[in-house]
Every structure is written in structure tokens, then in C-alpha cells.
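The block underneath contains the structure these notes are about, expressed in C-alpha cells.
The values are calculated or read from the model by the stated rules, or taken from the named source; none is laboratory data. Keep in mind that what you see is a predicted model, and the values were worked out from it rather than measured. Note that we place each Cβ from the backbone using ideal geometry, even for glycine, and neighbour counts take in every protein chain shown. Side chains included, ligands, DNA and RNA excluded: accessible areas come from the protein's heavy atoms. Shrake-Rupley method; radii C 1.70, N 1.55, O 1.52, S 1.80 Å.
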Amino acid sequence: MDSLHTKKSVGKRPFLFPMPVGIIGSYDSVGTPNIMAASWIGIVNSKPMSIGVSLRPSTKTYNNVMRTQAFTVNIANEKLVEYVDWVGHYSGKDIDKFDVLPLTPVRSKLVNAPYVHEFPVVLECRVVRSTELGKHTHFVGEIMDVKVDTAILKKNQKFVDINKLRPIMMGNGSGYFGIGENLGRGGKVYQRLGINPLIESK
């Protein structure tokens, strides 16, 4: 057996690489905007287009989202990594983050949640389902709209140019990372294998 691929058990761990980083926006009971960093997020459905985020009940954001049934997911770029780390380090229970940081909360017109003006991509979501899983509660939010800085849109104005966005991600215990080189276009890369099982043998 190939020794390069010898496996070792490391136990139960949340190993998905890379892990996306989203800044979750919400309002508290008196309308104060709050943001927290979350990496346990991902697209979960196409119709309706939905995103899921898992939150611990001990967080202020959990209580906000339970009350308002809404949240935003703000996607940062590499230039905002310090803010992402700061937001993830401090709790909204102890401090008004927008009172300290030079970031601007904007009230969504579609959902009862704020988004961050300085972040290049924003998903506005209304909660359609919440499931208690144990230590976390999983919120499924229907994406009501996505707002994108025009400077990072492709020429067709429909898709984000990831090289202009320069998103950040978590390395699961290894800190923050940016994007790497383009490895090829989906639906084309597999052709390098030269394997086509659908070709009829002659």
C-alpha cells in the first residue's frame, strides 16, 4: 500500500477545508446592531435559495436571530481580516462593536437585520427553519437578496470576480487564508484525465 496515503485516526473533528468565514448581522431587542464571526456556514438549498448557519445559544447573535427570525451574512475580503478576527474575539454581550469599530451598520429593507456597508458581499436572509442539534442550533435562512460592490462584479454584472473579491477563509486551527491560483474551470478540469466511460467501444 502507498505509504504516502497511510491514514491515522484523529477522532471526531469538524474537518472541512477550507472553512468559509461569514460575519453574521442581527438586531437585539432594543434595535442595537450586532455582528459576530461564524465559520460553520454554507449553502443548503437552491429553491428556495438558502444558507445555513450554526450558532451556540450562549451567543448574543443566537438570541437576536431567535427573536427577529432574520440575519445577514457579510463576506469579507483580505483587507478586512483584522476586523473579522476582532469581531470573532469580542462578544456583543460586553460591547457595542459598531461603537468601537470604524464599520457602518445599514438597516436592510428586506429583513429585520443590519449589514455592514464596508463588506463587499452581503446576503440578506429570513429564517425559515431552526433545528436544535445539541450544542448548536442550525438556522436555515432563505436568501432574500444579495448585494455586491459593483467594483468586484464581472462584466456581465451577475457574478462575482473572486480575484477582485479576495475572500478569506479559515484553515481549521491554522488561521486565516486567502485564495490561491485558479486550478481550472468546472466541467473542463476532468477532461485532463482522458477518461470518458460514455464513449462506445468499437
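Viscosity 1.567 mPa s, temperature 4 °C: what is the translational diffusion coefficient of the range 73-152 from Stokes-Einstein with a Kirkwood Rh over Cα pairs, rounded to a whole number of µm²/s?
The Stokes-Einstein estimate is 91 µm²/s.
Taking a quarter of the surface of the convex hull around the Cα atoms of the range 20-119, what do you get in nm²? Kindly include the intermediate steps, with their values, before the conclusion.
Numbers: hull surface 25.4 nm².
Its Cα hull, projected and averaged over all orientations, spans 6.3 nm².
Using the reciprocal of the averaged 1/r over all distinct C-alpha pairs, how large is the Kirkwood radius of the range 58-100 in Å? Provide the component values of the computation, followed by the final result.
Values: mean 1/r = 0.0849 Å⁻¹.
The answer is 11.8 Å.
For the chain, what's the relative contact order in percent, using C-alpha pairs closer than 8 Å and at least 6 residues apart?
Values: 366 pairs, mean separation 43.9, N = 202.
Contact order relative to length: 22 percent.
State the percentage of accessible surface on the chain attributable to carbon and sulfur atoms; use a 1.4 Å probe and exclude ligands, DNA and RNA. Mind dumping the intermediate values first?
Values: 7210 of 13310 Å².
So the carbon and sulfur contribution to the accessible surface is 54 percent.
What ranking of L80, L183, L110 comes out by heavy-atom accessible area, probe 1.4 Å, highest first? Don't jump to the answer; show the numbers that get you there.
On the way: L80 20, L183 125, L110 100 Å².
Largest to smallest exposure gives the sequence L183, L110, L80.
So with the 1.4 Å probe, I'd like the accessible area per residue for the chain, rounded to whole Å². If you can, show how the numbers build up before the last one.
Working: 13310 Å² over 202 residues.
Value returned for the chain: 66 Å² of accessible area per residue.
Determine the dipole magnitude for the range 19-193: charges of +1 sit on the beta-carbon of Lys and Arg, -1 on that of Asp and Glu, nothing else is charged, the reference point is the Cα centre, and the result goes in debye to the nearest 20.
On the way: 21 positive and 15 negative charges, 145 e Å.
In debye, rounded to 20, the range 19-193 gives about 700.
More than 20 angstrom separation, counting every C-alpha pair in the chain; what % is that? Before the final figure, lay out each step's value.
Values: 12695 of 20301 pairs.
In whole percent, the share of Cα-Cα pairs in the chain beyond 20 Å is 63.
Compute the Cα gyration tensor for the range 94-198, then decide on rounded, prolate or oblate, letting a ≥ b ≥ c be the square roots of its eigenvalues: rounded whenever a/c is under 1.5, prolate when a/b is larger than b/c in the other cases, and oblate in all that remain. Working shown, then result.
Details: a/c = 1.81, a/b = 1.55, b/c = 1.17.
Taking the square roots of the gyration eigenvalues as a ≥ b ≥ c, the range 94-198 is prolate.
Between the range 51-110 and the range 1-15, how many Å separate their Cα centres?
So the two Cα centres are separated by 35 Å.
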